[in-house]
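Step one of this worksheet: look at the structure below.
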Amino acid sequence: SSVNYGGNLSELTVWLLEKSIKTLKLRGDAQNNNALKIASFLCENKNISAVHYPGLPSHPQHELSKKQMKGFGGMLSFVLKNEEKANDFTRFLKVIKPAMSLGGVESTITSPALTSHSKISKQQRSKFGISDGLLRFSVGIEDYLDLENDITQALRKI
């Protein structure tokens with residue numbers, strides 16, 4: 001009779017995992033730093049009506065977040081004032097890529113109204129605070145100025 005010792009990881013998976021763990025802190029720090037700068041930058045932009053990020057003092061859970069977190073993460077969301085242009089805005093981005101799922105080292109952006117909540121009526125989305133101008137942004141580890149410049153050039157086009 002054979003003995004089943006459970007699942008095994010392949011050599012490639014173990015190598016990738018080991019390699020990834022070695023740079024995890026560097027990547028996490030870069031995402032945290034970029035996201036906080038981007039959130040602050042967006043707060044000051046006249047084309048943005050709201051920014052949701054726990055690293056901002058204006059966030060309703062900021063004090064709790066400071067107690068629970070060493071960094072505030074790479075995920076934020078913001079609302080374009082010109083909601084009808086949200087899809088155009090994401091298409092005009094060059095460094096930040098529109099995506100269906102978020103997370104990773106590359107900056108990605110998605111519109112919940114067009115993806116995860118597209119089957120819900122606009123009226124129902126509105127009740128949940130999901131406007132057509134709401135964009136979820138997973139901030140990556142790219143150079144911060146590349147991200148800021150990308151957002152700026154896309155906002156200019158809308």
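The values are calculated or read from the model by the stated rules, or taken from the named source; none is laboratory data. Source: prediction; values computed, not measured. Neighbour counts are summed over all protein chains in view; Cβ atoms, including those assigned to glycine, are modelled from backbone coordinates with ideal geometry. Side chains are part of the model used for accessible areas, which takes the heavy atoms of the whole protein and leaves out ligands, DNA and RNA. Shrake-Rupley method; radii C 1.70, N 1.55, O 1.52, S 1.80 Å.
Worth pointing out:
- When Leu12, Leu36, Leu26 are checked against the criterion of being under 21 Å from Glu142 (Cβ atoms) and open to solvent by 100 Å² or more (accessible area, probe 1.4 Å), Leu26 stands alone in meeting it.
- Close contacts from segment 65-84, counting a first residue that is under 21 Å from Asn47 (Cα atoms) and a second that is of a type in the set (Ser, Thr, Tyr) and outside any loop (DSSP other than H, G, I, E, B), with Cβ to Cβ under 8 Å and a gap of 6+ residues or different chains, come to Met75/Ser138; Val79/Ser49; Leu80/Ser49; Lys81/Ser49.
- Among the residues of segment 1-44, those identified as among the acidic types (Asp, Glu), part of a helix (DSSP H, G or I) and either in contact with a Cys (Cβ under 6 Å, 6 or more places away or on another chain) or under 30 Å from Leu147 (Cβ atoms) (or both) are Glu18, Asp29.
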